[in-house]
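Chemist: The structure under discussion is supplied below as structure tokens; questions concerning it will follow.
The values are calculated or read from the model by the stated rules, or taken from the named source; none is laboratory data. Predicted, not measured: the structure shown is a model, and the values here were computed from it. When we count neighbours, we look across all protein chains shown, and the Cβ atoms used for this are built from the backbone with ideal geometry, even at glycine. Heads up: the accessible areas ignore ligands, DNA and RNA and are worked out on the full protein's heavy atoms, side chains in. Shrake-Rupley method; radii C 1.70, N 1.55, O 1.52, S 1.80 Å.
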Amino acid sequence: MSSSRTSTVITVAAVTVLGGLVAYAVYFDYKRRNDSDFRKKLRKDKKKVNKQQQQEQDTVDVASVISAAEIKSALLKLRQEDVPPTSDEKESYFMMQVQVGDQLVQKGPAFYLPAAMAFFRALRVYPSPVEFIMMLQQTLPEPIFKLFMELVNADVASHIEGYYDHFPPKKMHVSVQHKGTGEDSQVTKKILVAEKDFAVGDVIYKEFPVVSALDADLEAQGTNCSYCFRSLQDATPVVSENHKLASVFCSQECQVKANYSWLNMYFEIAEQGGMDMLPQEPRSAAQDAYVQWQKTKAKQANVLAARFSAKLIALETQKLIENKTGPLATELAEMDDDSKATYSIQDHVERLRFTEGNVTDEEVKLIRNVFGAVLAGLEQTILEDKHAILVGKMSYNAIGVCPHGGRSDKPALTERPEDQERTRTPHGTARQVGSGLYLVSSYLAHSCDPSARPSFDAGTNALELVAARPLAKGDELTIAWVDVSQHADETAEQARRRRRVELARGWKFRCECERCVGEVVQDLVKEDAELGVQRDESRVEDVMRHERAPGADMTPD
């Protein structure tokens, strides 16, 4: 009954509106045929509308004929221009560019691209880019805003797509390439390949971790340097009196590097690289709470993620200092190159694959409290979903550091095997002294018959990748993420099952390397069922899914 009434009301309303339109159409036709003044007014209005439409079309035509090559050329010109260094200079520069843009808009369609370039210059120094883009969308004529956004999109795309033109550094003699079928980066993977020939035993490259963490049972025990992991057996340890974690170092240099990178954020009360600090008491309390959590509840991946966030803040702060000094200044200089295509460690980590990261509300709250106690508002940089992804990336990509083959005194784990934390190491996680995130080595895929091996024979966490067999230019570089040897008490099939189960538990994939595929198994279906995974569950962030394949052409000239 209600439905029928509603339908009737709608029908009546529709007929009423239709009747009104028909009545107006009849009146309009009568006036057009019988009133000469009305006909003159119609012709005049029509000419006015046609002129306005033509002007709008001319504007659109001028904007649409600007080619991709002209956009690219304009962007290259803009990139060669220096940005004012100080806040006051940036503010003046912003106001001037907005004024220039407004003036060029008034000059007509021929000046639309220069106008868009002026607004793009203003965007480069505006502290809130998204806010400025939204303001322009409301105020600029559509064709100019379209050109402006083409510049913005081309700049973002070039920054993303040009990444592998600069990474890894050419001096490392390796490159990142795509492997797999299809264009979806959730299906294909990026791998590391050799860019020259190597003989067995050759050191392919040497790499230092961007962040690292000593195993919890070794921290503050005076056995290893907390920064470089060097054994302190024959050294005099350097200890900081105010350090809440009581870490020790092999040298003053390592202590300074740790201070700049992460130590001062979480474990000491000192100036944070140029920041105007808040009072010490609340900062000390926030640190105390975090230290207690790290000692009792934190896993290695969570510690690495927290240290990464601290180092990112430290590096970004260093960028604001004109006369940079210290270890972070050196690190920033190494990230830069002659093309000004500077990428932050966030850009590097953003591209890495990950599995689900385990974080708690308590963890996020504690880290936010530490950051907020350093500088008001800094806690806003720690978002729960992003932190979970970061922890997942540390868990998936961290490499176990095993100097000279590792140790044999690590305490036995009490967790269930499926819950145990794992890092990439051919010696097994139980033999590591710590772990670290290595940006280039994160692209080393697993193989049960690897083409290379990570070496820490210098006794520190400096990784040397060593060729395990003769390699030709273009060969894929792989390492064993787990112990792939056959133990004395194992059959070949038991060794195969052990390593494949460990890979499935730690990295959520079924190994189908040449060795695994070539081995004869009595009951393959049963073995695959025991792995507990049907497909590779690692993934990349959505922002990277449509990234250009390394080596592919960029926007055409």
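Chemist: On a full-extension model of 0.36 nm per residue, what is the gain between residue 130 and residue 242, subtracting their alpha-carbon distance, rounded to one decimal in nm? Kindly include the intermediate steps, with their values, before the conclusion.
Modeler: Numbers: separation 112, 0.36 × 112 = 40.32 nm, distance 4.17 nm.
Computed gain between residue 130 and residue 242 is 36.2 nm.
Chemist: Could you pull out the trypsin sites (Lys or Arg not before Pro) across the range 93-168 that fall in loop regions by DSSP (anything but H, G, I, E, B) with no more than 15 other Cβ atoms inside 10 Å?
Modeler: Hits after loop and neighbour filter: 107.
Chemist: Here is a further query. Taking the Cα of residue 95, stepping 7 Å toward and past its beta carbon, and measuring to each backbone N in the range 128-169: which are under 19 Å?
Modeler: 128, 132
Chemist: For residue 173 paired with residue 458, estimate the spin-label separation in nm (one decimal), with each label point 7 Å from Cα along the Cα-to-Cβ line.
Modeler: Here the modelled spin labels are 1.6 nm apart.
Chemist: Treat each spin label as a single point 7 Å out from the Cα along the C-beta direction, and report the residue 319 to residue 356 distance in nm.
Modeler: Going by the 7 Å Cα→Cβ label model, 3.4 nm.
Chemist: Using a Förster radius of 60 Å, what is the FRET efficiency between residue 284 and residue 334 based on their Cβ-Cβ separation? Nearest 0.05, please. Don't skip to the answer; put the middle values down first.
Modeler: Values: r = 34 Å, r/R0 = 0.56.
Here the calculated transfer efficiency is 0.95.
Chemist: Another question, then. For the range 405-468, which GluC sites (Glu not before Pro) are in a loop by DSSP, counting at most 16 other Cβ atoms within 10 Å?
Modeler: Those that pass, being in a loop and sparsely packed, are 415, 421.
Chemist: Shifting gears a bit: As an exercise, use a Förster radius of 22 Å and the Cβ-Cβ distance of residue 106 and residue 139 to find the FRET efficiency, rounded to the nearest 0.05.
Modeler: For residue 106 and residue 139, the calculated efficiency is 0.95.
Chemist: If 170, 244 are ordered by their accessible area, calculated over protein heavy atoms with a 1.4 Å probe, which sequence runs from highest to lowest?
Modeler: From most accessible down to least: 170, 244.
Chemist: Could you work out how far apart the two model spin labels at residue 292 and residue 252 are, taking each label as a point 7 Å from the Cα in the direction of the beta carbon, and quote it in nm?
Modeler: 3.6
Chemist: If each residue of separation counts as 0.36 nm, what is the full-extension length gain between residue 70 and residue 527 once their alpha-carbon separation is subtracted?
Modeler: Full extension from residue 70 to residue 527 adds 158.7 nm.
Chemist: So which GluC sites (Glu not before Pro) in the range 480-518 end up in coil per DSSP with only 15 or fewer other C-beta atoms within 10 Å?
Modeler: Filter output for the range 480-518: 490, 512.
Chemist: Once the piece of chain linking residue 498 and residue 384 is laid out straight, how much longer is it, given 0.36 nm per residue of separation minus the C-alpha distance between them?
Modeler: Full-extension gain reported as 37.6 nm.
Chemist: Listed here are the pairs 196/508; 77/393; 170/297; 257/299; 179/393; which of them are more than 30 Å apart at the Cα?
Modeler: 196/508; 77/393; 170/297
Chemist: Just read off the accessible area of residue 453 with the full protein assembly in place, 1.4 Å probe, to the nearest 10 Å².
Modeler: 110
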